[in-house]
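Read through the structure below, which is laid out as structure tokens, and then see the notes.
What follows draws every value from the coordinates through simple rules; no lab data is involved. Note that this is a predicted model, so its numbers are computed, not measured. Cβ atoms come from the backbone with ideal geometry, glycine included; neighbour counts cover every protein chain shown.
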Amino acid sequence: MEIDLHGIKHEDVKQFLDKAIWECMKKKKSRLYVITGNSDDMKKIVTTVSREHGLTAVESMFNSAELLIDLI
């Protein structure tokens, strides 16, 4: 599953990402692709929310504007 955070306000990212993680888990998806753009602040928010769920967000090897969250 992939989500794009372009156009999402920083203060709304947590709720948006929480919902996306929950949807992935319900659908038994193994990975969530999060397009953050090049915003270090956005990447930090995604990393923090991931940790709150016991998950890790890592930068994509092929696209520095994308973080990958493994759900298994």
Helical contribution to [θ] at 222 nm, DSSP H n ≥ 4, -39,500 (n - 2.57), averaged over the chain, rounded to 500:
-13500 deg cm²/dmol
Under 5 Å, built H, 5+ apart or other chain: amide partners of residue 71
31, 32
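Place a +1 charge on the Cβ of each Lys and Arg in the chain and a -1 charge on the Cβ of each Asp and Glu, then give the dipole magnitude about the Cα centre in debye, rounded to the nearest 20.
340 debye
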